[in-house]
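Working notes, structure below.
Coordinate-derived values only; no laboratory data. Small disclaimer: the values here were computed from a predicted structure and weren't measured. Cβ placement follows ideal geometry from the backbone for every residue including glycine, while neighbour counts extend to all protein chains displayed.
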């Protein structure tokens, strides 16, 4: 993942979260994330992107996918997970990186469906740290942090 703050390499877990990984990689293959932004940055929580352009216009997405939380992956620092609404099966293109361990985002009990972790940063954690400390107003970076492009490697 190439961003305006540097590059990150993310390892995916298709054996654990196959629907989520397939969904993310479909967007990657389509070039969907090119020139979108990280629109939500909470330094002590998450860095979220993949849904808006620099003018905060929402991108058109595919249909939502089913939630794959509770499969043994936790929202630990540097992991990537799908963002969603309060409806568990509502994730489309938006994802977030955990800036710190956020175990409260894991599926824990009935009624707490959690969020689907599907990979982790294996190179470029310093880039996430650079993004998480950018100046924000209401969690929106004052200067857009671009996702230049996302590509798949083997």
Heads up, region 112-153 by the C-alpha gyration tensor (a ≥ b ≥ c square roots of eigenvalues; a/c under 1.5 rounded, else a/b over b/c prolate, else oblate) looks oblate
So for the chain, using the alpha carbon gyration tensor with a ≥ b ≥ c as root eigenvalues (a/c under 1.5 gives rounded; past that, a/b versus b/c decides prolate or oblate), I'd call it rounded
Return, ordered by residue number, the residues of region 23-38 whose backbone nitrogen is under 20 Å from a label point located 7 Å along Cα→Cβ of residue 62.
23-37
If I model a spin label at residue 87 and residue 154 as a point 7 Å from the Cα along the Cα→Cβ vector, what separation in nanometres do I get?
3.8
Place the peptides 116-128, 76-88, 138-150 in order of packing, highest mean first, counting for every residue the other Cβ atoms within 10 Å and averaging per peptide.
116-128, 76-88, 138-150
Length-normalised contact order of the chain, Cα under 8 Å, at least 6 apart, in percent, tallies to 36
